[in-house]
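The values are calculated or read from the model by the stated rules, or taken from the named source; none is laboratory data. Please read these numbers as outputs of a predicted model, since none were measured by experiment. All Cβ positions, glycine included, derive from the backbone under ideal geometry; neighbour counts span all protein chains shown. Only protein heavy atoms, including side chains, enter the accessible area calculation; ligands, DNA and RNA are left aside. Shrake-Rupley method; radii C 1.70, N 1.55, O 1.52, S 1.80 Å.
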Amino acid sequence: MAKAPQVITCKAAVCWGVGGPVKIEEVEVEPPRPSEIRVKMLCASICRTDILCINGFPTGLYPRVLGHEGVGVVESLGEEVKDLQVGDTVIPTTLGECGECGSCESGRTNFCQKYPIGATGLMPDGTSRFTVREGNKRTPAYQFLSCATWCEYMVVDANYAVKIDAGSIPPPQASIISCAFTSGYGATWKAAPVTVGSSAVQGARMHGAAKIIGVDKNERRRKIASELGVTHFINSEGLEKPVSEVVKELTDGKGVDACFECSGYAPFMNQAMKAVVQGKGKAVVLGAGKYDSIQLDFVDLLFGGSITGSIFGGVKIKSDLPHLLHKCQNKEFEIDALLTHEVPLCDINKAFEMMKEPDCIKVVVKIS
């Protein structure tokens, strides 16, 4: 008879309060319960949403084990898990797909009603698998969303994990597929489908966009933007007119068919809506921001302006993600160009400083 999984003591990146420092702490990780898997993390990556979490997004629950992008190997699993085995390589996701609820069957959204995004910082059953140890004190800890990847081991419900072919995709690339890259590519595929001749970047290019306009305040990103497929680059720093006006000047005054707002900065969301073709264009918000509300121009909205949000680019983890993974295995994407910096888990705070560097796009965190 196989020995039952035991509590594991390991290292994790923990935030203790809103805006507080991230510390590498010793944590205890409980064994997985019936529908869960415990994963030995290989590597993770940093998304700006992680920074928002440190500052109280989506809820100010602490102490909190951080991180939501990553890849790892199944160390143990609960008795109800049938589709995964110990030793499988998996990536965690922020939402699941049951295939049976009204949302899954509608074909119009990837928001599953049975396995939704969890904003409580707890497992679906309302409990935690993390305990932070401070000397003789043991404090239950929250996770980021469905999991917490900046940890040597973590537990996730098996319905929020996808098996990948071990060795077919390098761990750093697999890490950003679990959120960042898929959100951008999926947005051009699912949220606001880009067609041949219409107008992030690699998804738009692969779907046949004729004109791809990139906007960034960092001039040093012009070169890499061009290499990834941007045909027109707008440096927003010091512009004397709204970005939407510059976009329309580049499109004969019409605007673009689709505009993807990735920064999570509220004023840019309105600019994204104003930059699309009236009546048929769509602005898609991909970046998270700590705002209770945003202000939209009423006239543009009334005259057919369209703006929508998107999580994970509208991609369904069972129906759609294998398609994207297949493209990655065939090296149809230039993911390596996005992975500009790397740190070990013990230097996680250095990663935050790296993100401020002009040439930084994505920081990979080596866990093991």
One would report the antiparallel percent of DSSP beta bridges in the chain, rounded to the nearest 5, as 70
Filter the chymotrypsin sites (Phe, Trp or Tyr not before Pro) in the range 221-301 down to the DSSP loop ones having no more than 14 other Cβ atoms within 10 Å, then list what survives.
-> TYR265, TYR291
Amide H to amide H, which residues 5 or more places from TYR142 or on other chains are under 5 Å from it, using H placed in the peptide plane?
-> ARG64, VAL65
Derived scalar couplings ³J(HN,Hα) [the range 170-183; Karplus, 6.51 cos²θ - 1.76 cosθ + 1.60; whole Hz; x for Gly, Pro] = x, x, x, 5, 4, 4, 7, 5, 5, 7, 4, 5, 5, 4
Using helices alone, what [θ] at 222 nm do you get for the chain, with -39,500 (n - 2.57) per DSSP H run of 4 or more residues, divided over all residues and rounded to the nearest 500?
-> -5000 deg cm²/dmol
Magnitude of the Cβ-charge dipole of the chain, K/R +1 and D/E -1, about the Cα centre, nearest 20 debye?
-> 120
Which lysines does LYS211 reach when only Cα atoms under 16 Å apart count, and residues fewer than 8 places away in its own chain are ignored?
-> LYS248, LYS254, LYS282
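What's the carbon and sulfur percent of the chain's accessible surface, probe 1.4 angstrom, rounded to a whole number?
The computed percentage sits at 52.
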With a/c under 1.5 counting as rounded, go ahead and sort the chain into rounded, prolate or oblate using the C-alpha gyration tensor (a ≥ b ≥ c being the square roots of the eigenvalues; past the cut-off, prolate if a/b is larger than b/c, else oblate).
-> prolate
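For the chain, report the accessible area per residue in Å² (1.4 Å probe, heavy atoms, rounded to an integer).
Accessible surface, normalised per residue, equals 46 Å².
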Identify the residues of the range 321-360 with backbone N under 14 Å of a label point that sits 7 angstrom from the Cα of LYS223 along the Cα-to-Cβ direction, or state none.
-> 358-360
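So what is the relative contact order of the range 209-264, in percent, for Cα pairs below 8 Å that sit 6 or more residues apart?
Computed value for the range 209-264: 29 percent relative contact order.
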Here the relative contact order (percent) of the range 237-368, from C-alpha pairs under 8 Å and at least 6 apart, is 16
Taking every DSSP beta bridge that has both residues in the range 24-96, what percent is antiparallel when rounded to the nearest 5?
-> 100
Applying 1/(1 + (r/R0)^6) with R0 = 51 Å to the Cβ-Cβ distance of GLU342 and LYS241, what FRET efficiency is obtained, to the nearest 0.05?
-> 0.85
Pairs of Cα atoms under 8 Å, at least six residues apart: use those to get the relative contact order of the range 8-149, whole percent.
-> 26
